[in-house]
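Asks: Could you have a look at this structure, given as structure tokens, before my questions?
The values are calculated or read from the model by the stated rules, or taken from the named source; none is laboratory data. Source: prediction; values computed, not measured. In this analysis, Cβ positions are derived from the backbone assuming ideal geometry, glycine residues included, and neighbour counts consider all displayed protein chains.
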Amino acid sequence: MLLSIGLPLIIEKLVLIVVVVMSSLVIAMYATFAERKVAAIMQDRRGPNRAGPFGLLQPLADGLKLFFKEEIIPNLSSKLLFILGPCLAMLTAMMTGAVIPWGDKVHFFGRDISLQIADVNIGILYVFGVVSLGVYGIMIGSWASNNKFSLMGGLRAASQIISYELAMGIALIALLMTTGTLSLKEIVQQQQEHWYSWNIIKQPLGFLIFLICAFAECNRTPFDLPEAENELIGGYHTEYSSMKLGFFLFAEYINMFLSSSVMVSLFFGGYDIPFVNDASLAESIGTNWVALIHTAVFLFKAACFLFLFMWVRWTIPRFRYDQLMNLGWKILIPLALINMLATGAFILLQQNNWHF
Amino acid sequence: MSVIEIMFWFLSVLALGAAVMVVASKSPVYSILFLILTFFAISGHYILLNAQFLAIVNIIVYAGAIMVLFLFVVMLMNLNAESEPHQKNKWLLYIGGISGGSLLLVMVAALKKVAATNQLVQMNNGEVGLIKNLGIKLFTDYVFPFEISSVLFLSAMIGAVVISKKEG
Amino acid sequence: MQALTNRAQQVERKPMSLLERAYLPAIFRGMAITFGHMFKKRPTINYPEVTRPFSPVFRGLHILNRDEEGRENCTACGLCAVACPAEAITMEAAERSAGEEKLYREEKYAAKYEINMLRCIFCGLCEEACPKDAIYLSETFAPANFQRKGFIYGKDDLLIPHPITEPEAHAKAKGGRVSLK
């Protein structure tokens, strides 16, 4: 039943929401630091190492700097939308975290607490919906800036995200045909049995398409045309300053983290520890410890993806716009369609015991 | 008043208010943003009816794709009060009023015939909106309309390709 | 046209093969290159903690030398000022009075000795002109300053610390190269 819920459940979910939001903020913060470090070591430099030990306080210093910068709102902009833009970007970035299963469950105060904020039965569609809304923050912010370059950036973002959403959706359909469920929790649980039951084994092409589309949806290099600093002076956030600019930049990192998490739960077994039987482990060391290890494993896998995001950014140059559109419409969508048809045919054959 | 009723009234007021603002607001960009808000309110209603699939598809398709394209076009055209051509034809106003009013009349007349039960919809416990039931219904009872509409979409897609090819 | 060097290469214009058009192998190769760079040695030196050694011919800030007993070598002969191409050195001579033998080695000494570091070009001609080994170019450089007058170095800035009363500071200022003959 909807809304017939007790107080303990509300408290439990509130705590979980606060923890997830805070930790994704902190992770995004340190992702900016990691980005600078990774960039540095890939370019044989040292990177930030002055603020605190190993430069670990650098993100705090950056955040503080952004807060103390002058807040500039252009005279001819529509002020409400100008402020709404970065807020929406941040909001939609944070919303995905609600359906990701960060771990199995913990046992506290005589209650089994699921480490997932909401196990809705349309989990992956919810992610998809939130991703498709992500473009509004950029579009509204860029239009409200009343600047041609910003508008160009916003339009690029909109057309890019819409184009790549299609291929992403079709790649997902192939995955959903193999899993037979939309719930992220169930998808993760299906991958628990063996290391070879991870969906990456079943859907390698689907994963590749999904990965490329995830790069495009996050506006990361090589798809960072909306902000292309050397063509558009920074694109949609040209007119932004202070923490509103910070929100836009931050939203990008949160998006990166959460899309890494989605990819981990869809294709890499979520919180599954490879080569370990989780049930017997739970019996030997207790549910809570296993949940902790699960979460750590999940975060480790997500961190690997974050590294991949950064690695690609410092390797591959930006696409030209026509190349971007060609890749999206003429390569990825047909590939995803072929993948979907092949998966369908395979499943049908399997159900028919390999007879036509 | 239960929580669900409060949410129902809130969403209804939000949907209707935003829909009025779509017509009333001066800037077309604001109109579109209010339209998006309306879609969200309607999606909220779907969730209250336990039709989560419909709710999220409404958001993905309408708010996430179609409205983005609307916004895209309006932003490119830079419409505002100055660029709007002055409407001289008074008759257009009357015709619009008459046709809108007759539509309202038809709807009121149609709704009057409906048997007024206490509960118009099944709240919470309708299972048909869940994706599994919806899929089964679509592919058994309604498979013909479903296929027809997919053919329609396919032809629309091919038409779009043909139109864009003509230019090049 | 005759090529100036024979390094010019003809650009290939033939259409890409299927493998090249797939684009992914090239991406993986590129990523392997950047990944390899993670394990390369970094040429950066963490400056304030680690300093790079100066080269043996480096000419930095001037030092006015003392002998082993801590007496100033300079006799204010003015040869350095004459040799200076940038006219950065000014000095005033004075006669040593009785009781100052411990301070000045010769009977005449420089009462005032100033080098304008904004004019100095650190050519080292003063060092070569000096008959008394009194001036040396050391291994440091002039630190930044907010005012012009901060760059006019007087005797108290230039003189090397006393070798007997402050042996450590003296050794440090002397560096590895200045020898007391």
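Asks: Could you check how many residues of the range B:127-150 are at pLDDT 80 or above, of a type in the set (D, E, K, R) and surrounded by 11 or more Cβ atoms within 10 Å (Cβ to Cβ)?
Replies: Selection size over the range B:127-150: 2.
Asks: Residue check: is C:Ala8 closer than 28 Å to A:Ile316 by Cα, more than 12 Å from chain A (Cβ to nearest Cβ) and loosely packed, with under 10 Cβ neighbours inside 10 Å?
Replies: Against the criterion (closer than 28 Å to A:Ile316 by Cα, more than 12 Å from chain A (Cβ to nearest Cβ) and loosely packed, with under 10 Cβ neighbours inside 10 Å), C:Ala8 qualifies.
Asks: For the range A:226-259, what are the residues that are among the acidic types (Asp, Glu) and farther than 30 Å from A:Phe207 by Cβ?
Replies: Answer for the range A:226-259, where residues must be among the acidic types (Asp, Glu) and farther than 30 Å from A:Phe207 by Cβ: A:Glu229, A:Glu231, A:Glu239.
Asks: Given (1) at positive phi; (2) modelled with pLDDT under 80, identify the lone condition not met by C:Phe141.
Replies: C:Phe141 satisfies all of (1) at positive phi; (2) modelled with pLDDT under 80 except (1).
Asks: I've got another one for you. How about the range A:242-289: which of its residues are buried (at least 24 other Cβ atoms within 10 Å of the Cβ), touching a Leu at 6+ places or on another chain (Cβ under 7 Å) and touching a residue at least 60 places away in the same chain (Cβ under 8 Å)?
Replies: If the condition is that a residue be buried (at least 24 other Cβ atoms within 10 Å of the Cβ), touching a Leu at 6+ places or on another chain (Cβ under 7 Å) and touching a residue at least 60 places away in the same chain (Cβ under 8 Å), then A:Met256, A:Phe257, A:Ser265, A:Leu266 are the ones that fit.
Asks: Are there any pairs with C-beta distances below 6 angstrom linking a residue in the range B:20-34 that is at pLDDT below 85 to a residue that is in a helix (DSSP H, G or I), with the two at least 6 apart or on different chains, and if so which?
Replies: Pairs found: B:Ser25/B:Ser31; B:Pro28/B:Val74; B:Val29/B:Val74.
Asks: Here's another thing I want to ask about it. Of all residues in the range A:148-195, how many are hydrophobic (A, V, I, L, M, F, W, C) and outside any helix (DSSP H, G or I)?
Replies: The total comes to 1.
Asks: Mind listing whichever residues of the range B:2-19 are free of Cβ contacts under 8 Å to residues at least 24 places away in the same chain and among the hydroxyl-bearing types (Ser, Thr, Tyr)?
Replies: B:Ser2
Asks: Kindly indicate whether A:Ala158 is of a type in the set (Gly, Ala, Ser), more than 10 Å from chain B (Cβ to nearest Cβ), within 25 Å of B:Ile59 (Cβ to Cβ) and under 21 Å from the mean Cα position of the chain (by Cα). First the steps, then the outcome.
Replies: Values: of a type in the set (Gly, Ala, Ser): yes; more than 10 Å from chain B (Cβ to nearest Cβ): no; within 25 Å of B:Ile59 (Cβ to Cβ): yes; under 21 Å from the mean Cα position of the chain (by Cα): yes.
It is false that A:Ala158 is of a type in the set (Gly, Ala, Ser), more than 10 Å from chain B (Cβ to nearest Cβ), within 25 Å of B:Ile59 (Cβ to Cβ) and under 21 Å from the mean Cα position of the chain (by Cα).
Asks: Can you tell me which residues in the range A:188-216 are modelled with pLDDT of 85 or more and under 25 Å from A:Ile254 (Cα atoms)?
Replies: A:Gly206, A:Phe207, A:Leu208, A:Ile209, A:Phe210, A:Leu211, A:Ile212, A:Cys213, A:Ala214, A:Phe215, A:Ala216
Asks: If you take the residues in the range A:35-52 that are in contact (Cβ under 8 Å) with a residue 24 or more places away in the chain and buried (at least 19 other Cβ atoms within 10 Å of the Cβ), which one is farthest from the other protein chains (Cβ to nearest Cβ)?
Replies: Among them, the one singled out is A:Glu35.
Asks: Please work out if A:Ala216 is over 29 Å from A:Phe275 (Cα atoms), more than 10 Å from chain B (Cβ to nearest Cβ), touching a residue at least 24 places away in the same chain (Cβ under 8 Å) and in contact with a Phe, Trp or Tyr (Cβ under 8 Å, 6 or more places away or on another chain).
Replies: yes
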